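Working notes for the structure below.
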Amino acid sequence: MDYRLGEPIADTKAPDVPIAERWDRRRFEAKLVNPANRRKHTVIVVGTGLAGGAAGATLAEQGYHVVQFCYQDSPRRAHSIAAQGGINAAKNYRNDGDSVHRLFYDTVKGGDFRARESNVHRLAEVSVQIIDQCVAQGVPFAREYGGLLDTRSFGGVQVSRTFYARGQTGQQLLLGAYQALSRQIDAGNVELHARTEMLDLIVVDGKARGIVARDLVTGEVSVHMGDAVVLASGGYGNVFYLSTNAKGSNATAIWRAHRRGAYFANPCFTQIHPTCIPRSGDHQSKLTLMSESLRNDGRIWVPKAKGDTRPPNEIPEDERDYYLERIYPSFGNLVPRDIASRAAKNVCDEGRGVGPGGQGVYLDFADAIARMGRAKVEEKYGNLFEMYERITAEDPYTRPMRIYPAVHYTMGGLWVDYDLQTTVPGLFAIGEANFSDHGANRLGASALMQGLGDGYFVLPATINDYLARGPHDTVAPDHPAVAEAVAEVEDRLNLLLAVDGDRTPDSFHRELGELLWDECGMARTEAGLRKALERIPALREEFWRRVKVPGSGVELNQSLEKANRVADFLELAELMCLDALHRAESCGGHFREESQTPDGEAMRDDENFSYAAAWEFTGSGEDPVLHKEALDFEYVHPTQRSYA
Amino acid sequence: MNLTLRIWRQQSSEEEGAMVTYRVEDISPDMSFLEMLDVLNEELILAGDEPVAFDHDCREGICGACGMVINGQAHGPERTTTCQLHMRHFKDGDTVDVEPWRAAAFPVVKDLVVDRTAFDRVIQAGGYISVPTGSAPEAHATAVPKEAADFAFEHAECIGCGACVAACPNGSAMLFTSAKVNHLNVLPQGQPERETRVLDMVAAMDDQGFGGCTNTGECATACPKGIPLPSIAAMNREYLRALRKEKSRSKG
Amino acid sequence: MAGTGVIMLLFLVAHMLGNLKIFFGAEEFNGYAAWLRTIGEPALHNSWYLYIQRTGLVVAVVLHGVAAYQLSKRDIRARPAKYEHKRQRASYATRTMRWGGVILGLYIVWHILDLTTLTVNPLGKEHHPYENIVADFRIWWVNVVYIVAMLALGLHIRHGFWSAAQTLGAVNKRRDRALKITANVLAASLTAGFLVVPVAVMTGLVD
């Protein structure tokens, strides 16, 4: 697969005024919908995580008729619930020099200068409102004895701006959004379809007008029409099979939208989190994250010798390599996520990894226990240690933890403008489903901020403008575009059931995941990516020839759901590899071995690659068209990151 | 290790179900219970049988999707979610019985999948604080005593898995409902709706066909998040208080 | 359930303490029984208080039973299918609330016929409760009935008292343990207090 270069693309919605005034100005310029008319507008929201839940609740509060979907049995189960660490906000409660501008600056820099300044600045602005909103909803953030909110510093930033609720911040924020949504469901303003999965987008006269969805219990394929469609369906990290995503997390909604005309931006930007529990065998079905905070006190090391299989406690101090402290003396174990992950991969590739398959490094708390005492360590990390022990049956107080990087988050997603609208008018993408704010690397505790910012504050303000600029004439249920979308969905499901081959959907998913992990994971090379680009179409062809899906389409059929998602991953993976191949520079989570400094650090190429790559779909297996959105840095000037 | 599984198979809510026996071999003690079922399902698919349907999603014990009764215990022998239960807690040669949550309010959808939307309806009845987006005051406008914040958090931890209902001989949802009532009613932000919340949520709970509480304590024993049994007493206190207030209000 | 249970529990404590007067001999015990009829005089006519109390207790018993019936019906409806894998659940006292309650209900009927209306009492001499009791406990099966009923009572109170505290919202984390201990002490002392009477008759201590 190759690509063609198309016309450049640009965001035309951010007003041309100083950055701090843009959001105010945009809200003022946006047309409004008369409150009395809002009920007549139906907005479809796909997904009920932080972004979708917040957007659904807020749009319904404003008076719109919201029709919302989630594949889970309840909106409360969206994978935002698993976020542990916290949520950033520029409250400056610590009086430690934080500000909207500093959060903006940190985010642009942390994203390795591949994000759009306007969007990031707005995110920093709304961050303060998010905290107010969540506290008013009853989110039980950690508090100090004086009754005020506690914050901590997170992910290597120098200010303490992360609000948290023990290790369950995502859960508490999601439940807040879920409760707000529940209130609107009870009021009849939101029509919720749980256990219902979006399988296609309906585009009529160039505008997004509805979706085709399948009821996962009865198998019924149904059409839902509206005046706008909002995708809040999350990221695509599960393309790797093993990731910290939920098992059901999938790319189908955004991929189907991409096939219908929405550009897909920066698909190769994936974040690999350094501190996950390593896999224990081939049966592994997912990976579990351990909070990054562990790196504050744990020391990371591997044996100096290759293939050293002695138990860790029997390896003497001078035969250990504390490689992060050695290579990055000033940041040590606290280097950013992408650097820590890559360093772990490097030592394992050298044959010095520990644990089953040599895919792990030690995170050792012996020094911390000696320094602070076991009780103190227990107080700080007790629940994490417990979780580790439950999963591995090893006691981290007496034996160093084993950790290994795992796919965690995808910065790429549907291309959106300042209004969060995709290239299909009327189709919006929010949260992890879009590409907007994190550039090539996301900072810790910023995912929750972006999801809620988009859902509570940004989309509900920008979507008015689209809805107000109607008319949105009713689309007849027998419109050819509707019939075509339904027929395509049904044909595809029937085809999956009809193949009746000899391989399970999971076996394909695993194989694809391994290939991507090897060639489009922590380090990428031209040769590897080319190899993957050859292998993926072959695997896809094999999938459609050999997949086996038992049962029928008119019942709860989890194999069919899975197969349908894997089919989309098999297309998306190819675009990821192509994007990674074309971006012959290293930036953030995208590390091309050909582009590194003499001491092995990522080297950006601003001259050639200071753009967001927005890909246009032209057909399955066909060459896509690349549209470049040039990134201008007026306020934060690009510099090379250095942590040595 | 090798195990004999007796799993509840039921094609749909309308059809009768039964326990069906399967053998699984070469199970690693490091597998989670769900990964063991994955192994079984891969074999079933290749043999042309339908795999066992079960709910699961995050597989790290927080989303609340998974849940099955294993050897008569909700989520099995460890106090955790099914996805965080590992096979090392079983012995080679064991026979393991796997059944869905059983309660009238949680009808079986298929095999081990049950319909828990009754929980959502209890929350919809009042498990929230009414604060439309944008109307929130500055977060530090109201200080919350740490004790209240901790009490709220302890109850907010509920993951809505339904183990409490499954374990309760009466299929009661008191622990679930009380967790949300207590989370919101103790906070200053939750005060304006304090009475209506508990009255409406309890009424919704009764409407959904959950049983009454006879204080057997099975719910709290099964709860993977450790919501304590006194949570129910605290809700009863809120309920009686709300009834009193309601009465004096209707008089006034 | 909790409200009526507490009313009955208070009565039982008084009843049990009153019973112990039997150890002070026939005269004092019969005198005590006679005094019970005079409570409330002269405002109330003789025995009126007793009838008020009896009415109250009958209402409590009936309401307790009706509530138990309704709750059980609802609970059984809420859990129509049983688990295939049977497993011992909760404590013995908790599991036996329903059947224990039925046993106690039947016992109360018999107990009233025996010592209030004297219909089935072997002696049946009015205004001589001491003698009637002694006559009762000389018969082995009366002892068996009584002992079984009192053990059921103990179990019922053991779960019932803590359960009532839970229902009325009196339990919190700090008090939980204390309330459980109180429930056990109450159950044990009521059972023991009621059982010493037949034991004393059987051993000839009371004659």
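Condition check ((1) farther than 26 Å from A:Val139 by Cα; (2) crowded, with 19+ Cβ neighbours inside 10 Å) across all residues:
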residue: A:Arg374; (1), (2): yes, no
residue: A:Gly382; (1), (2): no, no
residue: A:Glu389; (1), (2): yes, no
residue: A:Pro396; (1), (2): yes, yes
residue: A:Ile403; (1), (2): yes, yes
residue: A:Thr423; (1), (2): yes, yes
residue: A:Gly426; (1), (2): yes, yes
residue: A:Ala429; (1), (2): no, yes
- Of (1) within 11 Å of chain B (Cβ to nearest Cβ); (2) surrounded by fewer than 24 Cβ atoms within 10 Å (Cβ to Cβ); (3) modelled with pLDDT of 95 or more; (4) within 21 Å of the chain's Cα centre (by Cα), A:Arg195 satisfies every one except (4)
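Take C:Gly124 and decide whether it is more than 12 Å from every other protein chain (Cβ to nearest Cβ), more than 21 Å from the chain's Cα centre (by Cα) and either surrounded by fewer than 19 Cβ atoms within 10 Å (Cβ to Cβ) or part of a helix (DSSP H, G or I) (or both).
On the way: more than 12 Å from every other protein chain (Cβ to nearest Cβ): yes; more than 21 Å from the chain's Cα centre (by Cα): yes; either surrounded by fewer than 19 Cβ atoms within 10 Å (Cβ to Cβ) or part of a helix (DSSP H, G or I) (or both): yes.
Considered against the rule, which asks whether it is more than 12 Å from every other protein chain (Cβ to nearest Cβ), more than 21 Å from the chain's Cα centre (by Cα) and either surrounded by fewer than 19 Cβ atoms within 10 Å (Cβ to Cβ) or part of a helix (DSSP H, G or I) (or both), C:Gly124 comes out as yes.
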- Considering every residue within segment A:61-83, establish whether at least one is surrounded by 15 or more Cβ atoms within 10 Å (Cβ to Cβ), modelled with pLDDT under 95 and either on the phi > 0 side of the Ramachandran plot or part of a loop (DSSP other than H, G, I, E, B) (or both). yes
- Those residues of segment C:166-193 that are touching a residue at least 24 places away in the same chain (Cβ under 8 Å) and either touching a Phe, Trp or Tyr at 6+ places or on another chain (Cβ under 8 Å) or aliphatic (A, V, I, L, M) (or both) come to a total of 6
- Message: Quick check on my filter: what residues within segment A:588-644 are in contact with a Cys (Cβ under 9 Å, 6 or more places away or on another chain) and under 15 Å from A:Ile9 (Cα atoms)?
- Response: A:Phe609, A:Ala613
- Task: Please go through segment A:276-291 and pick out each residue that is farther than 11 Å from A:Ile391 by Cβ and not in a loop (DSSP other than H, G, I, E, B).
- Result: A:Leu289
- Query: Do you know which residues across segment B:193-206 are free of Cβ contacts under 8 Å to residues at least 40 places away in the same chain and surrounded by fewer than 23 Cβ atoms within 10 Å (Cβ to Cβ)?
  - Reply: B:Asp206
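Mind counting the residues in segment B:37-85 that are part of a helix (DSSP H, G or I) and either surrounded by fewer than 23 Cβ atoms within 10 Å (Cβ to Cβ) or at the interface with another protein chain (Cβ under 7 Å from one of its Cβ atoms) (or both)? Spell out the reasoning first.
Here is the first cut: in segment B:37-85, the residues part of a helix (DSSP H, G or I) are B:37-46, B:82-84.
Still in the running and either surrounded by fewer than 23 Cβ atoms within 10 Å (Cβ to Cβ) or at the interface with another protein chain (Cβ under 7 Å from one of its Cβ atoms) (or both): B:38-46, B:84.
Summing the residues that are part of a helix (DSSP H, G or I) and either surrounded by fewer than 23 Cβ atoms within 10 Å (Cβ to Cβ) or at the interface with another protein chain (Cβ under 7 Å from one of its Cβ atoms) (or both) in segment B:37-85 gives 10.
Looking only at segment B:202-252, how many residues end up being of a type in the set (A, V, I, L, M, F, W, C) and in a loop (DSSP other than H, G, I, E, B)? So that I can check it myself, show each step before the final result.
Quick first cut of segment B:202-252, residues of a type in the set (A, V, I, L, M, F, W, C) only: B:202-205, B:210, B:213, B:219-220, B:222-223, B:227, B:229, B:232-235, B:240, B:242-243.
Those left that are additionally in a loop (DSSP other than H, G, I, E, B): B:210, B:213, B:223, B:227, B:229.
Summing the residues that are of a type in the set (A, V, I, L, M, F, W, C) and in a loop (DSSP other than H, G, I, E, B) in segment B:202-252 gives 5.
Is there a residue in segment B:141-158 that is farther than 30 Å from A:Tyr145 by Cβ, of a type in the set (S, T, N, Q) and free of Cβ contacts under 8 Å to residues at least 60 places away in the same chain?
Residues of segment B:141-158 farther than 30 Å from A:Tyr145 by Cβ: none.
No, every residue in segment B:141-158 fails to be farther than 30 Å from A:Tyr145 by Cβ, of a type in the set (S, T, N, Q) and free of Cβ contacts under 8 Å to residues at least 60 places away in the same chain.
So that you can scan it fast, the table gives a plain yes or no per residue for (1) under 30 Å from B:Ala53 (Cβ atoms); (2) surrounded by 14 or more Cβ atoms within 10 Å (Cβ to Cβ); (3) touching a helix residue (DSSP H, G or I) at 6+ places or on another chain (Cβ under 8 Å):
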site	(1), (2), (3)
A:Gly553	yes, yes, yes
A:Glu574	no, yes, yes
A:Leu578	no, yes, yes
A:His582	no, yes, no
A:Gln596	no, yes, no
A:Ala602	no, yes, yes
A:Phe609	no, yes, no
A:Glu629	no, yes, no
A:Thr639	no, no, yes
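Looking only at helices (runs of 4 or more DSSP H) that lie completely in segment A:418-523, which have at least 2 residues being touching a Phe, Trp or Tyr at 6+ places or on another chain (Cβ under 7 Å) and within 30 Å of A:Arg604 (Cβ to Cβ)?
Working: elements: A:447-452, A:459-468, A:480-499, A:505-519.
So the answer is A:505-519.
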- Task: Name every residue in segment A:15-34 that is out of contact with any Pro (no Cβ under 8 Å at 6 or more places or on another chain) and either part of a helix (DSSP H, G or I) or among the small types (Gly, Ala, Ser) (or both), in order of residue number.
- Result: A:Ile19, A:Ala20, A:Trp23, A:Asp24, A:Arg27, A:Phe28, A:Ala30
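Looking only at segment A:143-163, which residues are in contact with a strand residue (DSSP E or B) (Cβ under 7 Å, 6 or more places away or on another chain), in a loop (DSSP other than H, G, I, E, B) and within 11 Å of another protein chain (Cβ to nearest Cβ)?
Step one: of segment A:143-163, the residues in contact with a strand residue (DSSP E or B) (Cβ under 7 Å, 6 or more places away or on another chain) are A:143, A:149-154, A:160-163.
Subsequent filtering for residues that are in a loop (DSSP other than H, G, I, E, B) retains A:150, A:153-154, A:160-161.
Of everything in segment A:143-163, just one residue is in contact with a strand residue (DSSP E or B) (Cβ under 7 Å, 6 or more places away or on another chain), in a loop (DSSP other than H, G, I, E, B) and within 11 Å of another protein chain (Cβ to nearest Cβ), namely A:Asp150.
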- Restricting attention to segment B:120-149, report how many residues are farther than 14 Å from A:Val135 by Cα, in a helix (DSSP H, G or I) and more than 7 Å from every other protein chain (Cβ to nearest Cβ). 3
- Message: Looking at segment A:468-484, can you tell me whether even one residue there is touching a Lys or Arg at 6+ places or on another chain (Cβ under 8 Å), of a type in the set (A, V, I, L, M) and within 30 Å of A:Gly176 (Cα to Cα)?
- Response: yes
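The values are calculated or read from the model by the stated rules, or taken from the named source; none is laboratory data. This one's a predicted model, so the numbers in the text were calculated from it and none came from an experiment. Don't worry about glycine lacking a Cβ; one is built from the backbone with ideal geometry, like all the others, and counts go over all protein chains shown.
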